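Derivation of every value follows stated rules applied to the coordinates shown; laboratory data play no part. Since the model is a prediction, treat every value here as computed from it, not as a measurement. Every residue, glycine among them, receives a Cβ derived from its backbone with ideal geometry; neighbour counts consider all protein chains shown.
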């Protein structure tokens with residue numbers, strides 16, 4: 001039976017257009033800001049009650065940073081305690097409506113940007129905060145009021161401090177999110193935001209706004225998906241979590257027939273029942289992530305990727321991210337580095353993981369555990385899986401196919417570079433082949449005309465695998481004419 005609290009995308013009404021989506025997101029932001037305004041009003045009232053004279057009020061910006069009115073020393077502002085999660089259903093319904101809109105061909109600018117650039121939820125919401133004053137000046141006035149307690153500036157743009165205060169529930173999230181909004185972060189390097197007063201103040205006091213091109217795109221009546229290429233062409237660091245509906249197909253997988261048959265059986269099992277959980281075991285680069293993309297495309301579900309190596313329990317042993325993982329919409333969830341939670345020496349408490357697994361099995365969708373070695377997963381967890389798919393390293397025939405696919409169409413190739421010879425000599429995984437091919441193609445661009453040569457491949461090999469050697473193919477001996 002499906003969990004009745006988790007909305008099914010097919011039953012959710014899609015957004016009619018991009019502005020209908022924005023209105024929903026801005027309504028959520030408005031509620032978030034009003035809670036913050038209410039909290040700040042209470043704090044100011046406490047300050048007025050505490051101040052004994054006009055001098056106390058004039059100097060409050062000095063003593064309020066030292067005296068914490070709740071009695072517990074903390075940051076230079078009164079950080080609210082961690083509040084219970086109450087927005088799970090809203091987040092699920094919003095994501096389900098986004099998926100329903102995408103299936104009907106409705107382009108939603110911010111979700112599409114998030115998926116294409118693999119932005120985290122925090123990064124996406126920072127962009128929403130910066131976008132809001134472009135829609136309604138009321139948001140700018142609320143920002144100005146919330147800034148007043150800290151810097152008395154009359155800016156209508158959010159500061160780093162305000163973004164962190166509004167979007168982080170505890171100190172660990174604050175520490176983890178702060179680098180995501182620094183001047184050298186992806187948001188800045190991709191050209192999504194620009195900094196004001198960036199040279200003469202602390203990071204927390206800096207204001208950020210969207211670049212004009214991004215604001216225009218996000219507020220478009222009919223967003224052009226190709227506009228994202230402007231930002232997507234910039235280098236992007238790998239995100240801890242990504243959500244997308246990939247366009248991968250079964251033909252993109254280079255796997256033996258038994259493994260392909262197993263993966264198709266997994267897809268059938270997901271359609272038949274909830275809570276399917278499968279272990280994908282195999283060395284890095286053998287196709288586990290691509291298989292997850294293919295399954296997500298086949299099932300028409302979001303793909304959510306989490307690297308468990310990036311999640312560390314709090315000092316009290318709790319894992320705040322479990323709340324987010326428990327409130328996911330129907331999706332394909334890929335957990336990389338699964339031994340971190342499901343191995344013989346896990347970093348997370350077994351009881352917490354077990355409780356989350358029970359909850360996850362009640363929800364529609366597919367959970368995939370990725371591990372480089374089958375034996376790295378505790379036997380009890382292996383037995384609890386719906387199935388186990390082992391990904392082998394490719395044989396010579398598969399490697400030849402992977403090399404041919406890794407080279408962009410139209411690339412001119414020297415005749416001395418023969419893929420059967422390369423595949424036979426270099427016993428590499430698919431991921432390693434792709435990396436080598438990309439470097440070799442980049443080196444080929446230095447030639448005039450651009451030509452992929454054996455020397456390009458040698459240079460790429462020296463960079464990525466200096467311990468491996470690629471010998472030149474031997475020329476077949478010419479047969480001597482028989483003497484009469």
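Taking Cα pairs under 8 Å and at least six residues apart, what relative contact order does the range 348-447 come out at, in percent? Walk me through the numbers before you get to the answer.
Values: 44 pairs, mean separation 27.3, N = 100.
Averaging sequence separation for qualifying contacts and normalising by length gives 27 percent for the range 348-447.
In nm, give the distance between the simple-model label positions of residue 459 and residue 384, each being 7 Å from the Cα along the Cα-to-Cβ direction.
Reported label-point gap for residue 459 and residue 384 is 5.1 nm.
Indicate the gyration tensor shape class of the range 241-390 (rounded, prolate or oblate), computed on the Cα atoms with a ≥ b ≥ c the square roots of the eigenvalues: a/c under 1.5 is rounded; otherwise a/b larger than b/c is prolate and the rest oblate. It would help to have the intermediate numbers written out before the result.
Numbers: a/c = 1.69, a/b = 1.41, b/c = 1.20.
The shape class here is prolate.
Fewest to most neighbouring Cβ within 10 Å: what's the order for 367, 226, 16?
226, 16, 367
Consider a paramagnetic label point 7 Å from the Cα of residue 226 along Cα→Cβ; state which residues of the range 112-128 have an amide N under 19 Å from it.
Under cut-off, by backbone N: 112-113, 116-117.
Using a basic spin-label model with each label point 7 Å from the Cα along Cα→Cβ, how many nm lie between residue 447 and residue 42?
7.0 nm
Express the relative contact order of the range 241-390 as a whole percentage, based on alpha carbon pairs under 8 Å and six or more residues apart in sequence.
36 percent
Could you order the peptides 455-463, 93-101, 408-416, 355-363 from most to least packed, using the average number of other C-beta atoms within 10 Å per residue?
Most protected by this proxy first, the peptides run 93-101, 455-463, 355-363, 408-416.
Starting from the Cα of residue 171, step 7 Å along the direction of its Cβ; do the same at residue 93; then give the gap between the two resulting points in nm.
Spacing of the two 7 Å Cα→Cβ label points: 3.6 nm.
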